[in-house]
Every structure is written in C-alpha cells, then in structure tokens.
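These notes concern the structure reproduced below.
The values are calculated or read from the model by the stated rules, or taken from the named source; none is laboratory data. All values derive from a computational prediction rather than experimental measurement. Cβ placement follows ideal geometry from the backbone for every residue including glycine, while neighbour counts extend to all protein chains displayed.
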Amino acid sequence: MILDHLPALQVVVPLMAAPLIVLLRSGRAGWLIATLVSWFALAVAVMLFMRVQSVGVISYAIGNWPPPWGIEYRVDALNAFVLVLVSLIASVVLPYARTSIAAEVPADRHYLLYSMFVLCLCGLLGMAITGDVFNIFVFLEISSLSGYVLIGLGRDRRALHSAFQYLIMGTIGATFYIIGVGLLYLMTGTLNLADMTVRLAAVEETRPVRAALAFITVGLSLKIALFPLHVWLPGAYAGAPSAVVAFMAGTATKVSVYVMLRFVFGIFGVRLVLPDLHLLDMLMIFSAAAMITASLTALFQKDLKRLLAYSSVAQIGYITLGLSLANNDGVTASVAHLFNHGITKAALFMLVGGIVLRVGTCQVDALAGLARRMPVTCFGIVIAGLSLVGVPGTAGFITKWHLVLAALQDGQWWVVAVVGASSLLAAAYVWRFVEVAYMQPAPADAVTRSEAPLQMLVPACAMVAACIYFGFETSFSLGGARDAAAVLLGGLR
Amino acid sequence: MSPQSLMLLAVAAPVLGALGVVAAQRHPNLREALSFAAAGIALACVLALAPSVLSGGRPEVVLLEILPGAALAFRLEPLGMLFALVAAVLWPVSTLYSIGYMRGNDELHQPRFFACFALAIACTLGLAFAANLLTLFLFYELLTLITYPLVTHHQDEEARHAGRVYLGYLMGTSLTLMLIAIVATWAVAGTVEFTPGGILGGEISNAAVGGLLALFVFGIGKAAVMPMHRWLPAAMVAPTPVSALLHAVAVVKAGVFSVVKVIVYIFGVDRIAGLTSVDWLPFVAGFTIIAASVVALRADNLKRRLAYSTISQLSYVVLAAALLTPLSVIGAALHIVTHAIGKITLFFAAGAIYTAAHKTQVSELDGIARRMPWTMGAFTVGALSLIGIPPAAGFFSKWYIMLGAAQGGHWAALTVLGLSTLLNAAYFLPIIYAAYFRAPADAAHPHGEAPWPMLAAMAVTTTLVLAFFCAADVLLGFAQQIAGGAAG
Amino acid sequence: MTVGSHYSYWVTILLMIAGLYIVVARRNLIKKLIGLAIFQTSVYLLYIAPGKLIGGTAPIIAEGFTVYSNPLPHVLILTAIVVGVATLALGLALVVRIHEEYGSIEEDAILEIAERETTAQEQGGDRA
C-alpha cells in the first residue's frame, strides 16, 4: 500500500525531480515541477504528521534491510513537525519564487536554480526524516552543496564570495560532524540513532565519546550559525536571491537545530551532557551572547537583508537557549520557535524581496516614505516584525512566553533579563524600518504607488497572516512542539 | 441579546467602525457618521450590560485557547464594567469634539486618525472585559501599538522623537517587566485568571510577593508611576482629542485599571494586606503624586501641566489600591471614573483654546474667559473636580480614598493627599484667576469661542462632572461590589 | 599499546590539523580548497584504519578464513569521498566564477573590492 511508503516518497520525489528539471532545460517547467513537488512533499508531511499522532512512531526500512543494519527512516512527533515546517515553507516560497527569480537571476539559469532548490529541499527533508547518523551527513551535504549553488546565483558578484565562504565554513562544520560520528561508530559499532542511544550507555564515560560530543556540537553549531560561528550567515543571506533566502532562512538552520536536538537529548542524553561537561551551560552563554550582540549588530545595519540576517542569528539564539534550559517548557519553546521563527523570517524575506524588485535596493536609507508606495508590503513587514519582537497576538509571543517560563522554572533570572533585552533590541531594529518607511517623506521623484506583483504579494501575505494565525491558534505549533519535547525528554524520566 | 453577544458586539462595533472609516475615507460626512454609529452601538451595548452586572451577573465568553489553560476570554465584573462605561460614554463625546477639532485645525490624515481612534477604543473595551492576564496583556500591547500613529500624527521630527519615547517606555516596560510578571504568576499559580480573592496560593514567600508586585507596578508603564512616567508628557505632541480621550482616559486608565485589577484579582487584597514586602508601594505612589504636582506647578505649557497633573492623579488610584482597605479600593475605582471625566473636560478646554485662539501656554491665557466664557466655565468645573471641591465629582473619590487611608491608619498617605490637594489648587487656580480677572494682553487679536461641536462636547462632560456628584450612588453600587469581591 | 601501534591515529590527527591550518591561514582561495581536501582526507583515514584487521580478509565466508575486516567503513567512506569530490568541484567552480568577476583569487583583494562596493551602495542609499 502506498501509505506505507510515505517516508520514502517524502525524500525520493524531490530527489527524482531535480535531474528531471535539468533534463527538461526549461525555467517554466522547472518552476512548475518544483512547485508541484513541494506541494506533494507538504501533503506527505502532513499525512505523516497525522499518522504519527494516531499510531505513534513510524519506522521504515529502506530497501527492506531491517534496522539497525539497513538505513531506517524513523518518523516521530519531533521530525514529523520539522518535515511539515520545511515543506510548508518550500510550498509557499516556490509560487512566490517565479516572479522574484525572473527579476533577479538570468533566464538561462532558471532551470538550474529550480533543480538546486528541490535538491536542497530533498536534503533538508532527508536530514529530518532519516534515523541513521551517517545518512544525516549525506543529506546534510546534499542540502549544503545545493545551498552554496543557490547562494552563488545571487545577482551581485559579492554573492559568489559569500557562497565560497559559506562553502568553506559549511564543509568544516560537516566534516567535524562526520568526525564525531566516526568516533561514535568506533565506540558503538552502529550508525542507527535508536540503536546508538542504547549502546552508548555502556561506553558513555569514555573519552572518545566526549570528543565525539565536542566535534558534533561544534560542527552542528557551524551549520546552525550559533554565535560566534555565525560569520558566514549575513553575507550569504544578503547576497542570495530573495526567494532563496526566504526558503533557507526559514529551513536550513532549523533542520540543523533539529539534528542538534536529536544528538543532545536523543543520543547523548542530559545525563552525559549536563552534569560535568557543562555543555548546556556553554550553549546558554553563547545563545545569550547571540541574542544580545547580533541584535545590536542588526540595529546598525544599513542593508535590510543584512539586518534581517543578523536578526536571524539572534533568533537562533532563542532556539538554542530553549534547548540549553533542558526542561519541558524550554525544549517546547525551542521546537515551537523553529516553526514560529521559520514562518516569520520567511515572511519578512519574501516581503523584502518585493522591495528589492520595485525599489532596486534594500538599503534602509533608500526606503524613505516607502509606506506610501508599497503600503501592503510595509504593513506586512510591521506585522511580521512584531512577531519577531514577540508582541502578544503573534507567533513570536508564544515562544517567548515559554522561554521566559522555562527560565523562571530553572531560576535563571539573568536569562529572563536577556530575553527581555533582546526583544527590546528587536523592537528597536524593527522600528528603524517603521520610522524610515512611515515617517520620513518620500523623495520628490518617487513613484506614487507600485506594490509588488500579486504573485509575490499573495504568498508573502499568506505567510504574514500565518504569523498572526499561529499567535492565536496554537494547537499545531505548540501542541506539536509539546509532543516533540515529550519525545526528546521522555527517555530521561 | 445575551450579555455574551453584547460584550462581543461592544468590542466589534469600534473595529467595524474603523473599517468603515477606512472604506469611506473620501467622504468626510459619511466617515464621521460611521464613527458616531459605531460609538452609539458600543455605548448601547455597554449600557445594556450594566444592570446585569449590578445584579451580580458575571457574563463570560471564551474565544480561543491560546495557551493550554489560558484562553483569549472575556469576563465582565464590576471594575471592568465601570471602566468600560467610562470609555464607552466618553467615546461619542470625544468623537463629537474631534470632528470640531480636526476640521477646525485642518488636520491631515483624518481617516487614519478616526480609524485608529476607534481601534483604540476597541482595545480599551477588550482590556476592560479581559478575563485573564493574557487577554489583558494582549489588548494592553495592541493599545500601545494602535495609539502610536495617533501620537505621531504630525509625522515631523518632534512627533517622531515623541513616538520613540512613547513606544520605548510603554513597550519597554511591558515586554520585559510585565511579561515576566505574568509568566511568573503563571509559574507560581498555574493560572492567570482574574479571581476574586486572588490566585496566589500560600507557597509564595513574602519577598517574592513584593518582587512580583514591583514587576507589575513598574511593568504596567501606562499607570505612569515614577520613574515610568516620561512617555505621558511626550505623548502630548498628539492632537488634543487624542490627549483628551487616550492620554487622560483610555490609555492611562487602562494602566491604573490593570494595576487595580492585578492587586484585587491576582494578589487579593486580604492575601497581601499586612505583608511587609508590599509596604513600599504607597510611598512610591505618594512620591509620584507630590513630585508630579510640583512639576505641573512649574510647567507653562497647558497640555504639559495637564499631563503632569494626570501622572499625579493616576498615582492617587495606585495609592488607593495599595492601601489595601475596602474603602480605599472603592475610592480607587471611583477615582478612575471621576478623574476621567474631570480631566477630559480640561483637555477639551485646552484644545478649544488652541483651536480658537492658537494659544498653548498658561502665561498667554490672561483674560481669555471674556472671549471664551463657555470654555473657561467648563475648565473651572473640571479643575474644581480635580482639586476635589464639591459640587464636583472628584470630591467623592478623594473622600473615599481618604476614608480608606484613615481606616487603615495610613497617616502618611493622608498627609500626602492633603498636601497634593493644596498643590492641585496651586497649579489650577492661577489659571482660572488669570483667565477671569487679568486684562487680556493682546486685545488686537480677535477670536471668539471654539466651534460648536467642541462646545457641545464640553457641555456634556461638564454636566457629567456635576451629575456624578449628585448621583454618586450609581457608581458606588459598582465600587462596593468590587470591594466586596476584594474582601471575599 | 605503544605510541607506535596507534600511528594511524597520529597520521589522522596530523592531516586534520594541517588541513584546518591551511584553510584558516592561507588567503589564496585555491590553497584554501586544498587545505579543505586534506582535512577531509584525514576523516577517510579515521574511518578506514580501525576497520582493517591485520591478517583479516574481505568478509566473504569461505573455507579457512575466520578473520574479516569490517566492510562498512569502506562503504561509508566511498560515500564520503564522493561528497568530498563534489565539494571540491563546486568550490573550484566558484573560484573560477570569482576569478571571472573579480579578476583575482586572493581573498584580501576580493574583500577590498567587496568592501568598496558595499560602501558605494550605502552612499547611494543615502543620496536616494
């Protein structure tokens, strides 16, 4: 029955679509296929999510080789949630991408871009769905390599150098990860996540395991862009085509966070990580530093995309902060923020893409009086910006609430203060845009009214609406995160 | 209609009104008619709700479960009813006034102004009806955001700066301190519902109660307890109708309303009465009363003087709630009402003077009563009410606050109240004296009274000031129920 | 358990550190990629070396053979080599494109040009 093969379809269909698009050599067909594939992936992800909710963990043996020898695809409440997030963002960004890409990338490269896009989607979905640590590495590299290409396709030549930098940093990160996996494999003789968790108990006090933990944490932190390993991110986000950033900002770092969650809680377990290694304490300090310094840096950026990129670094700090608090509400906040920040940042970058299309630049100083020219876009940015700040009634508030709650339960008052300070800084950098766009008079030669084309505006506004919707209706975002936290922390009790 | 649907309609009517205003932005008359219609519907709904609340009904609507156990929900109780009544009664009056003011001064962006104005009222009513801290917080923040375009209405450098101060103080305090206070309450009590008698159980220590109270009092920046008061004078760059309805009534009262609500329904008056860790609050409030009055005394700009007077009067409410006696809680509730109608009258008068004579400074008002007798008459009644002289409504609330202070043996509070009455007199009476008895300085500059809609609005509020003195038992009915809830 | 018997690890560590050092220290993009390749190569060794048993054979069940080498690391590393080659190819392709656009593959020169462009753009923003 086809339903039993859903986990494989989730990855295989985008994987097959990528070479197909290259063979067809047509931008329009490529876009169409990519869009259909992303919608298909979303449908599969939603079905998987519902099946996990009704029947529990789904285990799928690739090629019918039983785990732990064969590769296992294992879907539980946590990665079903991540799958929905990734495919949701892809399926909203792709309809948007056509107009945006047409304006930003030479026409002869369109089909290549869409091919890379689905490949990247395939890699991210694969990372999330697989239950094999080496397989994670393979999918990580699939998504990263296609990601470098996507960023390098930006219209500015600085994008090339950003892509190169990202390639160096990303490869170092992935190699660190694979070194850690190698050490774990040497100690346990297995690559299956679930099996490794069991076998690690016997050897967890040994030095190679600790070294593995260190390598994996550093390697993933590079991919996550956790402060201070974030230097590749602003350049990459500022240079890449708008549709690509909208997709990657919402998904790429998030999936790496998912892998980290798996390792910290699933494989190593808080037993090992918490007491004598102080890994979580270090994560907490770096997250707090990210939330403050990156927000401050964002405040002084002149380029709107860079501003948002630094804001991403700060928001990633929220996610890892929740992780480092390691209690139920903290992990819930962390997982929920994967989703909430994913949709918020995707919305923002999509709207900024509209500005780039119409104004030709996204330098903040050039946007004076923009609200008159692009009222819907500007209003959308304000709403999504409020979600970034964490104003009640938006998706961002839900996360912040749980983050503060988790910190209070842990008695970490300074963390509470950091969350507060960071959201104030977020308000400040969002308000910089508001003042420029709404308060400053438009230049005399400005066009009176030119909103972004509907093909871009509608998906972007749908994303903005989602920021509001998930601020009130939290049964999916919060309920899913709660179940995921239960999965992660369940083994510890 | 059931009370539930009345509550929803009362909040929905201004929202629909705002949408109508935006839709009809090219037709001033239709636009203003829509504003009135929305105001009328909201007022009718709120008035229709009053009898059932007075007879002990507590209608409740649950809209959405935002967090497990904390829904977006409305529940009407006497304090919220009182606040909703104030906002709903004064909205149509200030709409009338705004029409006169905005037309009289040829202000730009009028559709945006009226739309935001209506939305601000919707937020205020939502806040008044809130059944739990989460709902209250939601509307509190929305109110801040929706009033920002009103404060920065003129869009010049001064407005931009004021807007920054406004948002900085209000969002800065609420997004940090108030949010933390709410989450901490949740962590301690496992709920954030407003419950008579409070929700804090026995587990929380004396010092923690004090800390939590501090987070709330300073986190609710709209209550303008010093040092969180700076946004209020800054907000005076807004057009006067905004200052009148929002920065004398809706926004600031939302602040003190939240403080009273938190003290009565979250902490519980009996739960914290006698705790050593909450003793500081009356002193902070008392300091704010005196210090703000002194600043008001020295302010020459009329609106600025009124703003500092508002800061001082808001702390009356905080002080009264902090005294933690049944009579002082009654006083706090009453003072929310009486100060609102008194202060809105004063702001109406200030705006009328600006519209008719283009004067903003106290020192320019010599002899103005000869040209604008109606306006200055209203001003005088409003000022008397704020000083607390009968036959104005302000006398009543002050009386109850002082009774409460005496009941609790807070002699320091009594002294503060007495001193501040003198200060109130000292900064209002010279204006009245100058307006009536000094010779006009610039006889050459001819001007008459303000436009009739403004005068009509002033007439209504002045009548209310006087009427409440005569019919105070209506208000007292609600206020006693609150005190009953506080005691039970 | 002498130091000498672990020599494969020493070689691994040496390659790892040397590769990483080259990536960090060299400003020439090609040299950076070479460093990256060396760094990745160390990982191949890390996997392969422990999988080999002295005297072991390929894991084919037959008469007379009882000691087998572990085949899985070889398979894994085949995959990793493919990934490494792809990374190197993409990196070199990017360097070619960078050379086309900037006329240099020295990072300092590229950064200088990029810096200048950023400043020019910002000032353009100020003017507008």
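Points to keep in mind about this one:
- Given (1) part of a helix (DSSP H, G or I); (2) buried (at least 20 other Cβ atoms within 10 Å of the Cβ), index of the condition B:VAL284 fails: (2)
- Test: B:THR124 is of a type in the set (Ser, Thr, Tyr), closer than 25 Å to B:VAL192 by Cβ and within 14 Å of chain A (Cβ to nearest Cβ): no
Here is a yes/no grid of residues against (1) more than 16 Å from the chain's Cα centre (by Cα); (2) within 26 Å of B:PRO196 (Cα to Cα):
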| site | (1), (2) |
| --- | --- |
| B:ALA224 | no, yes |
| B:PRO233 | no, no |
| B:MET236 | no, no |
| B:LEU275 | yes, yes |
| B:THR288 | yes, no |
| B:ALA321 | no, yes |
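- Residue in the stretch C:31-49 that is farther than 26 Å from A:HIS161 by Cβ, modelled with pLDDT under 90 and of a type outside the set (A, V, I, L, M, F, W, C) present: yes
- Residue in the stretch B:182-207 that is surrounded by the most Cβ atoms within 10 Å (Cβ to Cβ), counting only those that are assigned to a helix (DSSP H, G or I), in contact with a helix residue (DSSP H, G or I) (Cβ under 7 Å, 6 or more places away or on another chain) and without any contact (Cβ under 8 Å) to a residue 60 or more places away in the chain: B:ILE182
- Cβ-Cβ distances below 9 Å connect the following pairs, each with a first residue in the stretch C:33-53 that is under 14 Å from C:TYR7 (Cα atoms) and more than 7 Å from chain A (Cβ to nearest Cβ), a second residue that is buried (at least 20 other Cβ atoms within 10 Å of the Cβ) and of a type in the set (Ser, Thr, Tyr), and a separation of six or more residues or different chains: C:SER42/A:THR175; C:SER42/C:THR12; C:LEU45/C:THR12; C:ALA49/C:THR12.
- Criterion: at pLDDT below 90 and within 14 Å of chain A (Cβ to nearest Cβ) - qualifying residue of B:GLU107, B:GLU158: B:GLU158
- A:GLY126 vs. criteria more than 11 Å from chain C (Cβ to nearest Cβ), within 25 Å of A:VAL84 (Cβ to Cβ) and either surrounded by fewer than 24 Cβ atoms within 10 Å (Cβ to Cβ) or over 17 Å from the mean Cα position of the chain (by Cα) (or both): yes
- Only listed residue being in contact with a helix residue (DSSP H, G or I) (Cβ under 7 Å, 6 or more places away or on another chain) and farther than 30 Å from A:VAL75 by Cβ, chosen from A:VAL487, A:VAL391: A:VAL391
- Pair list, Cβ under 9 Å, 6 or more apart: the stretch B:56-77 residue at positive phi and within 14 Å of chain A (Cβ to nearest Cβ), other residue part of a loop (DSSP other than H, G, I, E, B) and surrounded by fewer than 13 Cβ atoms within 10 Å (Cβ to Cβ): B:GLY69/B:GLY190
- A:ALA174 closer than 21 Å to A:LEU113 by Cβ, at the interface with another protein chain (Cβ under 9 Å from one of its Cβ atoms) and not β-branched (Val, Ile, Thr): no
- Filter result for C:ALA49 (surrounded by fewer than 15 Cβ atoms within 10 Å (Cβ to Cβ) and either under 30 Å from A:ALA444 (Cβ atoms) or among the small types (Gly, Ala, Ser) (or both)): no
- Residues within the stretch C:18-32 that are more than 10 Å from chain A (Cβ to nearest Cβ) and either aromatic (Phe, Trp, Tyr) or without any contact (Cβ under 8 Å) to a residue 40 or more places away in the chain (or both), tallied: 6
- For the stretch A:154-165, the set of residues classified as of a type outside the set (Gly, Ala, Ser) and within 10 Å of another protein chain (Cβ to nearest Cβ) consists of A:ASP156, A:ARG157, A:ARG158, A:LEU160, A:HIS161, A:PHE164, A:GLN165, listed by residue number.
- If you go through the stretch B:262-280 and keep only what is within 27 Å of B:TYR308 (Cβ to Cβ) and either modelled with pLDDT under 80 or surrounded by fewer than 24 Cβ atoms within 10 Å (Cβ to Cβ) (or both), you end up with B:VAL278, B:ASP279, B:TRP280.
- Taking the criterion of being crowded, with 22+ Cβ neighbours inside 10 Å and touching an Asp or Glu at 6+ places or on another chain (Cβ under 8 Å), the residues of the stretch A:367-392 that qualify are A:MET374, A:THR377, A:VAL391, A:PRO392.
- Matching residues in the stretch A:390-410 - criterion: being at the interface with chain B (Cβ under 8 Å from one of its Cβ atoms) and either on the phi > 0 side of the Ramachandran plot or assigned to a helix (DSSP H, G or I) (or both): A:GLY390, A:GLY393, A:ILE398, A:LYS400, A:TRP401, A:VAL404, A:LEU405, A:LEU408, A:GLN409
- Within the stretch A:131-150, the set of residues being more than 10 Å from chain C (Cβ to nearest Cβ) and within 19 Å of the chain's Cα centre (by Cα) comprises A:ILE136, A:PHE139, A:SER143, A:GLY147, A:LEU150.
- Within the stretch A:98-120, residues that are part of a helix (DSSP H, G or I) sit with their Cβ atoms under 6 Å from residues that are of a type in the set (Phe, Trp, Tyr), at 6+ positions apart or across chains, in these pairs: A:ARG98/A:TRP31; A:TYR114/A:TRP31.
- The stretch C:74-101, residues that are more than 30 Å from C:TYR44 (Cα to Cα) and either facing chain A (nearest Cβ under 7 Å) or not in a helix (DSSP H, G or I) (or both): C:GLU101
- For B:ALA426, the conditions (1) over 22 Å from B:VAL251 (Cα atoms); (2) crowded, with 24+ Cβ neighbours inside 10 Å are fulfilled apart from (2).
- Residue list for the stretch A:333-373, filter: on the phi > 0 side of the Ramachandran plot and touching a residue at least 12 places away in the same chain (Cβ under 8 Å): A:GLY369
- Among the residues of the stretch B:313-323, just one is over 18 Å from B:LEU246 (Cβ atoms) and either of a type in the set (S, T, N, Q) or surrounded by fewer than 24 Cβ atoms within 10 Å (Cβ to Cβ) (or both), namely B:SER315.
- Lone qualifier among A:ARG199, A:ARG210, A:ARG157 - being surrounded by fewer than 23 Cβ atoms within 10 Å (Cβ to Cβ) and touching a Ser or Thr at 6+ places or on another chain (Cβ under 7 Å): A:ARG199
- Among (1) surrounded by 12 or more Cβ atoms within 10 Å (Cβ to Cβ); (2) outside any loop (DSSP other than H, G, I, E, B); (3) not small (Gly, Ala, Ser) - the single one C:ASN70 does not satisfy: (2)
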